[in-house]
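See structure below.
Read-outs: derived from the displayed coordinates by stated rules, not from any lab. Every value quoted in this text rests on a predicted model; they were computed, and no experiment measured them. Because the Cβ atoms are built from the backbone with ideal geometry, glycine has one as well, and the counts that use them run over all protein chains shown.
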Amino acid sequence: MFNFKPSITNLSSAAIICLFTGPVSADSIYSTYHYLFTPQGNPIIGALSGTDMLNKDADEWVAGYFFVNPIKCSNGCDVSGADLQLDGGQYSPVEPSSLSGVKLEIFTNISSSSTNIGKDLGQSIFQFNSPTSVTFNGNFGTKIHFSADAQDQNTPALLQPNTGYWLKLTNVDQSPDFGWFYNGLPKNEYWLAHYDTQGGEGSPYIFDVLGANSATPRLAPAIVPLPGAVWMMGSALMGALAVSRRNKQDKFKSAELGQ
């Protein structure tokens with residue numbers, strides 16, 4: 001059963017004259033824009049959407065899961081930015097505003113059986129730079145760009161191939177409130193929110209993670225578990241050493257008694 005968030009809006013033909021978003025960047029690592037918009041940036045007729053509004057008083061947050069393509073990021077990917085479809089109905093449609101009270105981060109993913117999707121937020125590994133100037137100029141949301149600082153080329157790449165992450169948006173101290181647009185039809189996507197930490201599947205938030213494959217392999221060291229045979233050999237060796245030590249102690253005690 002799909003868990004839908006409130007405030008569903010039908011993107012009809014009237015939305016076309018109210019919204020324009022640019023095409024997805026060529027260096028897109030993972031995008032959900034195709035659920036609501038054509039490659040030309042026009043709304044898909046009949047698509048359903050809604051907005052999760054984030055209140056600053058409670059540090060409210062929402063997060064969308066994304067997966068790193070092992071072909072696009074064969075060497076590991078550096079992040080150059082992220083585009084989010086945000087809604088700011090209370091903002092002026094002509095005057096620029098700041099999003100200084102917004103925090104956008106990348107979190108690791110934790111597989112867990114405690115949630116209904118078997119996934120959960122891990123630890124924060126990267127924070128984007130919030131735009132200092134933005135104009136909310138669309139009745140059905142506006143594409144907002146968050147930039148990223150350059151990453152160290154001598155360390156493993158931020159995004160590793162064949163790995164899942166979370167994009168988490170938090171209203172730390174942003175007033176008036178704003179929201180993150182999501183798709184209203186069930187899709188194979190995962191999301192988490194402050195009001196439902198069990199998460200859900202479907203109705204993905206609309207975002208685009210931007211970056212580039214590293215010029216050289218910068219893969220994280222693989223964690224190889226020791227085979228069971230190694231543990232058995234180690235246990236046997238420790239047992240043999242314990243027996244040998246005990247025998248030596250017994251012989252030493254016998255020698256003392258003999259004296």
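Placing pseudo-labels 7 Å out from each Cα toward the beta carbon at Ser100 and Asn75 gives an inter-label distance of 3.9 nm.
Classify segment 105-219: rounded, prolate or oblate, from the alpha-carbon gyration tensor (a ≥ b ≥ c, eigenvalue square roots; a/c under 1.5 rounded; otherwise prolate if a/b is larger than b/c)?
Working: a/c = 1.80, a/b = 1.11, b/c = 1.62.
It comes out oblate by the Cα gyration axes.
When a/c reaches 1.5 or more, the comparison of a/b and b/c decides; with that in mind, is segment 8-213 rounded, prolate or oblate per its Cα gyration tensor? Judged from the Cα gyration tensor, segment 8-213 comes out rounded (a/c under 1.5). Extension gain for Ser124 to Asp149 (0.36 nm times residue separation, less C-alpha to C-alpha distance): 7.5 nm. Out of Gly164, Asn154, Ser130, whose Cα points farthest toward the positive end of the dipole of segment 8-213 (charges: +1 Lys, Arg; -1 Asp, Glu; placed on Cβ)? Farthest along the dipole direction, towards plus: Gly164. Is the C-alpha gyration tensor of segment 81-161 telling us rounded, prolate or oblate? Criteria: a/c under 1.5 is rounded; beyond that, a/b larger than b/c is prolate, otherwise oblate. Judged from the Cα gyration tensor, segment 81-161 comes out oblate (a/c at least 1.5, b/c at or above a/b).
Multiplying the residue separation of Leu185 and Ser133 by 0.36 nm and removing their Cα-Cα distance gives an extension gain of 15.5 nm.
This ranking places Asp149, Asp177, Asp208 by how few other beta-carbon atoms lie within 10 Å of each, fewest first, which gives Asp149, Asp177, Asp208.
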